[in-house]
Amino acid sequence: MFVKRLPHMVRRTKEEAEATRLQLLDAAERCFREKGVAGTTLDDIAKSAGHTRGAVYWHFENKADIFEAVCERVTTPMQAMLGDLAADPGADPLGFLRNDAIRVLRMLTDCERVQAVFEIKFCKLDGGPDFDRLRTRELETHSRCLDMLEVVFGAAVRIGQLPLHLPPRETAEAMHAFIGGLMRSWIERRDFDLQKSAPWLVDTFLIGLRNAPVPDPAS
């Protein structure tokens, strides 16, 4: 006999499914951080979450899929900030970029989840051949980030915040490497106060851009 599911029953089922998914993501984050990505099995994740392996497969295709979802919880908000700025650089693109860069660095020091994800990305990503798709996606994400930074730096050049000779694409590469390098250094060693130093570090980088020499075509 067909039993009609009431709206509140459907809602509760969806809420329970989402709760299970979040528990699996939390468990995967813990396991990846403790054992590395390659050293973590789907059974490890299921056991840590208090669920069956079947629950893992209900929500995720494979371990790479879980890893992507773990990372997206942290990286998507960061990319959204840059995406909003690229969509509308406004009258002070460099000022907004400065604030966003400082915010990202301080998020790393303030939030345990952000620390966990970047520790996994920088130090525990040893996933092997299953992660070809993930590596491709990381390259695509990197490229999109550079595209957005290029838009912001181009806007800053056009309104005179940066020298006319400054190439926006190369500047975007330098900014991405600078912020990523700071994050990686802090995650690996934690021997400097990134929370306190973030404004000074970002300002020093931007001052260097404002005073960048004209490229020598002969060099």
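Consider only pairs whose beta carbons are under 9 Å apart and that are at least six residues apart or on different chains; among these, list those whose first residue lies in the range 134-147 and is closer than 23 Å to Asn62 by Cβ and basic (Lys, Arg) and whose second residue is part of a helix (DSSP H, G or I) and at pLDDT 85 or above.
What qualifies is Arg137/Glu68.
Is there a residue in the range 185-194 that is open to solvent by less than 50 Å² (accessible area, probe 1.4 Å), at pLDDT 95 or above and touching a His at 6+ places or on another chain (Cβ under 9 Å)?
no
Have a look at Phe118, Phe153 and point out the one that is of a type in the set (Phe, Trp, Tyr), over 15 Å from the mean Cα position of the chain (by Cα) and open to solvent by less than 30 Å² (accessible area, probe 1.4 Å). Quick ask: steps written out before the conclusion?
Working: Phe118 fails: over 15 Å from the mean Cα position of the chain (by Cα).
Being of a type in the set (Phe, Trp, Tyr), over 15 Å from the mean Cα position of the chain (by Cα) and open to solvent by less than 30 Å² (accessible area, probe 1.4 Å) holds for just one of Phe118, Phe153, which is Phe153.
From the list Ala177, Ala172, exactly one residue is modelled with pLDDT of 95 or more, loosely packed, with under 15 Cβ neighbours inside 10 Å and not in a loop (DSSP other than H, G, I, E, B). Which is it?
Values: Ala172 fails: loosely packed, with under 15 Cβ neighbours inside 10 Å.
Among Ala177, Ala172, only Ala177 is modelled with pLDDT of 95 or more, loosely packed, with under 15 Cβ neighbours inside 10 Å and not in a loop (DSSP other than H, G, I, E, B).
Check off (1) open to solvent by 40 Å² or more (accessible area, probe 1.4 Å); (2) closer than 17 Å to Phe131 by Cα for Gln23 and give me the number that stays unchecked.
(2)
Quick test of your reading of the structure: Arg103 fulfils all but one of (1) under 24 Å from Leu201 (Cβ atoms); (2) open to solvent by less than 50 Å² (accessible area, probe 1.4 Å). Name the failing condition by number.
Only one criterion in (1) under 24 Å from Leu201 (Cβ atoms); (2) open to solvent by less than 50 Å² (accessible area, probe 1.4 Å) is unmet by Arg103, namely (2).
Checking Cys31 against (1) of a type outside the set (Gly, Ala, Ser); (2) open to solvent by less than 20 Å² (accessible area, probe 1.4 Å); (3) not in a helix (DSSP H, G or I): exactly one of these is not met. Which one?
Checking Cys31 against (1) of a type outside the set (Gly, Ala, Ser); (2) open to solvent by less than 20 Å² (accessible area, probe 1.4 Å); (3) not in a helix (DSSP H, G or I), the one that fails is (3).
Here's a check for you: in the range 35-48, which residue that is modelled with pLDDT under 95 and of a type in the set (Gly, Ala, Ser) is least open to solvent (accessible area, probe 1.4 Å)?
Of everything passing the filter in the range 35-48, Gly36 is least open to solvent (accessible area, probe 1.4 Å).
Considering the range 198-219 alone, what residues qualify as being surrounded by fewer than 10 Cβ atoms within 10 Å (Cβ to Cβ) and either among the polar types (S, T, N, Q) or touching a residue at least 60 places away in the same chain (Cβ under 8 Å) (or both)?
Asn211, Ser219
Would you check if there is a residue in the range 53-70 being among the acidic types (Asp, Glu), outside any helix (DSSP H, G or I), modelled with pLDDT under 95 and surrounded by fewer than 17 Cβ atoms within 10 Å (Cβ to Cβ)?
yes
Among the residues in the range 139-152, are any touching a Leu at 6+ places or on another chain (Cβ under 8 Å), under 24 Å from Ala80 (Cα atoms) and among the small types (Gly, Ala, Ser)?
no
The values are calculated or read from the model by the stated rules, or taken from the named source; none is laboratory data. Predicted, not measured: the structure shown is a model, and the values here were computed from it. Cβ sites come from the backbone with ideal geometry, for glycine too, and all protein chains shown count toward neighbours. Surface accessibility is based on the protein's heavy atoms, side chains included, excluding ligands, DNA and RNA. Shrake-Rupley method; radii C 1.70, N 1.55, O 1.52, S 1.80 Å.
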